[in-house]
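Step one of this worksheet: look at the structure below.
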Amino acid sequence: LLAGLQHGLDMERAAQLGSYIAVLVLEAMGPQEWTFDRTEALTRIAGAYGQEAANDIAAVLPH
């Protein structure tokens with residue numbers, strides 16, 4: 001959430017990104033085992049929140 005806000009996302013988009021990261025952590029077997037894949041993230045965010053949300057969040061994610 002805070003990283004999203006720091007990079008210019010509004011509260012809703014930052015919360016959506018933060019929620020996605022929380023899902024990654026919960027899906028991982030260990031506390032430090034999660035990884036981030038930009039393409040997968042944008043696909044899953046689009047599925048959960050819509051393509052407009054994915055486009056907004058994509059603008060602040062590293063390539």
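The values are calculated or read from the model by the stated rules, or taken from the named source; none is laboratory data. Bear in mind the structure is a predicted one, so any value in this text is a computation, not a measurement. Positions of Cβ are backbone-derived with ideal geometry, glycine not excepted, and every protein chain shown enters the neighbour counts. All accessible areas refer to the heavy atoms of the entire protein, side chains included, with ligands and DNA or RNA removed. Shrake-Rupley method; radii C 1.70, N 1.55, O 1.52, S 1.80 Å.
Some points to look at:
- Largest mean-square fluctuation among A15, A41, A28, in a Gaussian network model of the chain whose springs join Cα atoms under 10 Å apart, belongs to A28.
- Placing unit charges on the Cβ atoms only, positive for Lys and Arg and negative for Asp and Glu, gives the range 1-50 a dipole magnitude near 100 debye about its Cα centre.
- Overall form of the chain per C-alpha gyration tensor (a/c, 1.5; a/b vs b/c): prolate
- Percent accessible area from carbon and sulfur atoms, the chain, protein chains only, probe 1.4 Å: 57 percent
- Solvent-accessible heavy-atom area per residue, rounded to whole Å², over the chain at 1.4 Å: 68 Å²
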